[in-house]
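The values are calculated or read from the model by the stated rules, or taken from the named source; none is laboratory data. Predicted model only: the values in this text are computed from it and were never measured. Because the Cβ atoms are built from the backbone with ideal geometry, glycine has one as well, and the counts that use them run over all protein chains shown. Keep in mind that these areas ignore ligands, DNA and RNA; they rest on the heavy atoms of the full protein, side chains included. Shrake-Rupley method; radii C 1.70, N 1.55, O 1.52, S 1.80 Å.
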Amino acid sequence: MAIIKKRSWAEPYKMKMVELLKMTTKPYRTKAIKEAGFNTFLLHSADVYIDLLTDSGTNSMSDRQWSAFMTGDEAYAGSKSYYLLEEAIQKYYGYKYVVPTHQGRAAENILSQILIKKGDFVPGNMYFTTTRLHQELAGGTFVDIIIDEAHDPFNEHPFKGNVDLAKLDKLVKKHGAKKIPYVCIATNVNMAGGQPISMSNLKELRAYTKKHGIRIIHDMTRVAENAYFIQQREKGYNKKSIREIVREICSYTDGATMSAKKDALVNIGGFLAINDWDVFEEARNMVVVYEGLHTYGGLAGRDMEAIAVGIVESLDDNHQHARVGQVEYLGHKMMEYGIPIVKPIGGHGIFVDAKSFLPHLTQDQFPAQTLAAEIYIDSGVRTMERGIVSAGRKANGENHYPKLELVRFTLPRRVYTQAHMDVIAESAATVYDKRKFIKGLKMVYEPKYLRFFQARFERLK
Ligand code: F0G
């Protein structure tokens, strides 16, 4: 019998430069998190050992992307870097018109202002913080139409990003298609734990929306990771390349907002892409007001150039295998230690279920916020709350009480090693061992918008 039953994958790159990290002590970190109001967003990153706050803008660029930086064209108007970016988006995603923006939420703002009227409803497969806020600021109401399984952290449905068409149909019947400017579809749904939508679900949605004359706008921030899961899990796709799958996903939608800081492997950038000339015309007008001329939209030429290269690299099958493979490695380690994580393991990070980790805390005692602070104190690993604090308040001022109360261990792309993954899992296990003794938090400062970024807390006595 063969000794080796299954061959390992490894990263399709090697390191050429490293960034040195500061190692800190537990008393140092205990003081640092207190000063940061028990909010990991308010820590100084110099005090962080392994930074899993987000996969947004924290990726390592490749030698090719850094080279592209040098060939960026910094012309105010008509930069060749814009045309390179436009060409990459048309070629790999298939959208017709492109407006660059400094990051994803700027594209969301422009799109929401153009398409949403006061009193409209915007259905989506779970909310994302900035996306929903822009919809609301434009006068719309977000309606969650994701399948129920997505709200259950332990349900192992392979496509928890799927839309429940019955929920959409109910909304259409109640308010009429005219009140729905578009359906907002995120690929690899962030707040559900990095969970994919299936191609067949997307096709059904396309057929339904076509019948009712409703657009589909694609939040394509993590589309390549979604494509990887389709390749691995959906019938008929295991021989297709990520590149082909991404192109097919985009073909069922009418336009997209993109935060290039994730999939596209850059530190800053985004865009709005749309097939509709009229919407493009308006977006081109608006981008000048908020971002900059329509051929740079708040970005330097070098940024646009690096995105164009990053798009190609993100569609490489080996890259995605290593990317998601690393997330799965960390997830399996945590499961071995008995830590409750969202299943199936998602694409961009491990989401720990804080409600089952700290069952003695009520949601008003902020279990996920508490757990993120404890992990930082234990090891200097910085994670993020994705629960009641992130969910914010409703228009009437009441708190949203999301079913999911999670701590996100988000992995930047091409940044950390397998040894880092071991340290992270061991830290989570150490905190898990003493979970019964952990006290909750109370909020002592709450900003009006996107409170999770700047809210402050104190430990309950
Ligand atoms: N859509 C999704 C699904 C996102 O995850 C993000 C950002 C955005 C839109 C907004 O893009 O940050 O470029 O303005 N998510 C980051 C995160 C912040 O940590 O998950 P942005």
When you scan segment 97-201 for strands (runs of 3 or more DSSP E) that lie fully inside it, which ones turn up with 2 or more residues that are within 16 Å of the ligand (Cβ to nearest atom) and open to solvent by less than 10 Å² (accessible area, probe 1.4 Å)?
-> 97-101, 121-124, 182-186
Go over the candidates Arg413, Arg382 one by one and state the one that is at pLDDT 90 or above and open to solvent by 10 Å² or more (accessible area, probe 1.4 Å).
-> Arg382
Would you confirm whether any residue within segment 327-347 is buried (at least 24 other Cβ atoms within 10 Å of the Cβ), in contact with a helix residue (DSSP H, G or I) (Cβ under 8 Å, 6 or more places away or on another chain), assigned to a loop (DSSP other than H, G, I, E, B) and of a type outside the set (Gly, Ala, Ser)?
-> no
Would you mind stating whether Arg393 is more than 19 Å from the chain's Cα centre (by Cα), at pLDDT below 95 and either within 19 Å of Thr130 (Cβ to Cβ) or aromatic (Phe, Trp, Tyr) (or both)?
-> yes
Can you spot a residue in segment 91-107 that is farther than 22 Å from Ala391 by Cα, among the basic types (Lys, Arg) and without any contact (Cβ under 8 Å) to a residue 60 or more places away in the chain?
-> yes
In segment 236-249, is there at least one residue being within 16 Å of the ligand (Cβ to nearest atom) and at negative phi?
-> yes
Quick one: Thr30 ticks every box in (1) outside the structural domain of His321 (by TED's automatic domain parsing); (2) not hydrophobic (A, V, I, L, M, F, W, C); (3) not in a loop (DSSP other than H, G, I, E, B) bar one, so which box is it?
-> (1)
In the set Phe366, Phe437, which member is touching a strand residue (DSSP E or B) at 6+ places or on another chain (Cβ under 7 Å) and not aliphatic (A, V, I, L, M)?
-> Phe366
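Table: residues versus (1) within 15 Å of the ligand (Cβ to nearest atom); (2) closer than 14 Å to Phe351 by Cα; (3) among the polar types (S, T, N, Q).
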residue: Thr370; (1), (2), (3): no, no, yes
residue: Ala373; (1), (2), (3): no, no, no
residue: Lys394; (1), (2), (3): no, no, no
residue: His400; (1), (2), (3): no, no, no
residue: Leu404; (1), (2), (3): yes, yes, no
residue: Val407; (1), (2), (3): yes, yes, no
residue: Pro412; (1), (2), (3): yes, no, no
residue: Ser427; (1), (2), (3): no, no, yes
